[in-house]
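K.L.:
I am attaching a structure below and will ask some questions about it afterwards.
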Amino acid sequence: MIDALLERLLRRAFTPLVRRGQLEVVMPAGRVLRFGDEGEPRARIRFTDRRALLALLRDPDLNFGEMFMQERLVVELGTVYDVLELLLRDARDVPVPAGVRLLDAWRMRLRPILQNNLRLKSRANVAHHYDLDDRLYQLFLDPERQYSCAYFERGDETLEEAQAAKMRHIAAKLLVEPGQRVLDIGCGWGGLSRYLAEVAGAGHVTGVTLSTEQLGGARERAARSPRAERLEYRLEDYRDTRGPFDRIVSVGMFEHVGTRFHDTFFRQCRNLLAEDGVMLLHFIGNSDVPDFNNPWIERYIFPGGHIPSMSEFTPAIERAGLVICDIEVLRLHYARTLRIWRERFLLQRARAAQLYDERFCRMWEFYLSMSETAFRYQDIAIFQVQLARRQDAVPLTRDYIAERRAALRKRELLRS
């Protein structure tokens, strides 16, 4: 009786989702259910116990990843990415079940609590992810340690080429001039700030971060830079930074601010920016209506994080008195980036297991896989928002971006 009920519930959940490809599901008692049209990709999963299946049906956003981590949902054919692709690529056309809608509404009400990113909580949230063993990130990132979306100008670039193109694209939009003071909020391992000093010609670049591991890496690399005297890194919350700066850049940090602190962030940026200054904000954004942080990501990967929609962050920019000069939406660039990261991580999985354990490896495989499907099949993209205090801080047309990229490319040859 219980197995028959579970089978009916699973068919009701999976049949409308899996339209293309084939997904086989092995029930705890051994019965095999098939979904899809027998196309590609093909994958097979097995539930080891009834409670694992019930957990998935009750709260798929949280429990799919948990069951995979616990090996109670076992992928027997294909990869967990294949399974997620089968379940998610047509999901936006499927009505959300009433029970899931209630759970989603409850999670929306929890957002102010989960995103209460005061200074101490922000530091703890950053440490949870970015203060992992530095050798882990060496397994799949490029040598410049760019842990953010690359920029694929053609689509067939290597990761290293695409990450260099990302820094070039950002530097062009920043309109960096020789001798200018630049602030990098959430500087990571310092790859972009070094580029701005060594290639773009910034006079002084200050990088602030809350990660002790990244701070150490940034300082170590800066010491080897031919422009070491132009680079400075601090363990500092953006709310405590003092200016002014001619240029401000922030890549992959705004997702950790939280909706409650959008006003604080943009007002601080306005206070730090010179009267004729320019700012470039690069972050993961939601092209749909406001939503909550994925509960599995919240628990295991990025606590306190949030992917803001346009309607959430643009009012805060207006209230801060900043001018939006340009918004560019990079579609699918992060899906390509994450695919390369995932492939590199899986090639180095044994080394990752030596650093941590197999459960950690499953967690990271799921994280990279789920993130890629979100950028490929859901309304998640990269927003690049150019801001200023004055309307005339940037040229009238966007022609300058290509011109400056070409000039920076020539300077990169001199750098090497």
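K.L.:
Whole Å is fine, so just give me how far the alpha carbon centre of segment 241-268 lies from that of segment 1-39.
P.N.:
Comparing the Cα centres of segment 241-268 and segment 1-39, I get a distance of 46 Å.
K.L.:
State, to one decimal in nm², a quarter of the convex hull surface area for the C-alpha atoms of segment 254-323, i.e. the direction-averaged projected area.
P.N.:
Result: a mean projected hull area of 4.9 nm².
K.L.:
Helix 358-377 sits at what angle to the longest principal axis of the chain, using alpha carbons and giving 0 to 90 degrees rounded to 10?
P.N.:
Computed tilt is about 80 degrees.
K.L.:
Take every Cα pair under 8 Å in segment 33-115 that's 6+ residues apart, average their separations, divide by the length, and report that relative contact order as a whole percent. Please report the intermediate quantities before stating the final value.
P.N.:
Details: 49 pairs, mean separation 27.3, N = 83.
Relative CO of segment 33-115 lands at 33 percent.
K.L.:
Here is a follow-up. With a point put 7 Å past each Cα toward its Cβ, work out how far Val329 is from Arg299 in nm, to one decimal.
P.N.:
Here the modelled spin labels are 3.2 nm apart.
K.L.:
Now a separate question. Using just the Cα positions, wrap segment 173-276 in a convex hull and report its mean projected area in square nanometres, one decimal place.
P.N.:
With every direction weighted equally, the projected area is 6.2 nm².
K.L.:
Quick one: net charge around Leu387, please, counting Lys, Arg +1 and Asp, Glu -1 for every other residue with C-beta under 10 Å from its C-beta.
P.N.:
Taking every Cβ under 10 Å from that of Leu387, the sum is +1.
K.L.:
Could you pull the Rg and Dmax for segment 23-172, using just the Cα atoms, both in Å?
P.N.:
For segment 23-172, the Cα radius of gyration and maximum Cα-Cα distance read 20.2, 60 Å.
K.L.:
Residue separation times 0.36 nm, minus the C-alpha to C-alpha distance between Thr212 and Arg92: what's the value?
P.N.:
39.2 nm
K.L.:
Would you mind checking which residues have amide H under 5 Å from Leu273's amide H? H placed 1.01 Å from N; only 5 or more apart, or other chain.
P.N.:
Amide H neighbours of Leu273: Phe245.
K.L.:
With the alpha-carbon atoms as the only input, what is the per residue convex hull volume for the chain in Å³?
P.N.:
Spread over its residues, the Cα hull of the chain gives 142 Å³ apiece.
K.L.:
Report the full-extension gain for the segment Met27 to Ser311: residue separation times 0.36 nm, less the Cα-Cα distance, to one decimal in nm.
P.N.:
Gain in length upon complete extension: 97.9 nm.
K.L.:
Please work out the average accessible area per residue across segment 291-356, using the 1.4 Å probe convention, and give it in Å².
P.N.:
Ligands and nucleic acids excluded, the figure is 45 Å² per residue.
K.L.:
In addition: Rounded to the nearest 500 deg cm²/dmol, what is the calculated helix-only ellipticity per residue at 222 nm for the chain, with -39500 (n - 2.57) per DSSP H run of length n ≥ 4? Don't jump to the answer; show the numbers that get you there.
P.N.:
On the way: 17 runs with 198 residues, N = 416.
Computed ellipticity for the chain at 222 nm equals -14500 deg cm²/dmol.
K.L.:
Under the 0.36 nm per residue contour assumption, what length would be gained going from the current alpha-carbon distance of Arg260 and Arg154 to full extension?
P.N.:
Numbers: separation 106, 0.36 × 106 = 38.16 nm, distance 3.80 nm.
Contour length minus Cα-Cα distance gives 34.4 nm.
K.L.:
Just want to confirm a number: the relative contact order over segment 279-405, from Cα pairs under 8 angstrom separated by 6+ residues, in percent.
P.N.:
Once divided by the residue count of segment 279-405, the mean separation gives 42 percent.
K.L.:
Next up: Heavy-atom accessible area per residue, segment 1-112, 1.4 Å probe: how many Å²?
P.N.:
For segment 1-112, the per-residue accessible area is 54 Å².
K.L.:
Another one. Please work out, to two decimal places, the log10 of the ratio I(q)/I(0) at q = 0.11 Å⁻¹ from a Debye calculation in which every Cα of segment 272-416 carries one identical scatterer.
P.N.:
-0.62
K.L.:
What Kirkwood radius, in Å to one decimal, follows from the Cα pairs of segment 344-416?
P.N.:
So the Kirkwood estimate lands at 17.0 Å.
K.L.:
Can you give the alpha-carbon Rg of segment 128-178 over 2.2 N^0.38 Å, where N counts its residues?
P.N.:
Details: Rg = 13.2 Å, N = 51, 2.2 N^0.38 = 9.8 Å.
Segment 128-178 yields a ratio of 1.34.
K.L.:
Here's something else I'd like to know. On a 0 to 90° scale, report how tilted helix 119-130 is relative to the longest principal axis of the chain, with both axes built from alpha carbons and the result rounded to the nearest 10.
P.N.:
Roughly 70 degrees, rounded to the nearest 10.
K.L.:
Still on this model: At a 1.4 Å probe, what is the % contribution of carbon and sulfur to the accessible area of the chain? Please list the in-between numbers first.
P.N.:
Numbers: 9340 of 18400 Å².
Of all accessible area on the chain, carbon and sulfur atoms account for 51 percent.
The values are calculated or read from the model by the stated rules, or taken from the named source; none is laboratory data. A quick note: this is a predicted structure, and the numbers were derived from the prediction, not measured. Methodologically, a virtual Cβ is constructed for each residue, glycine included, from the backbone with ideal geometry; neighbour enumeration extends over all protein chains shown. Ligands, DNA and RNA are excluded from the accessible area calculation, which covers all protein heavy atoms including side chains. Shrake-Rupley method; radii C 1.70, N 1.55, O 1.52, S 1.80 Å.
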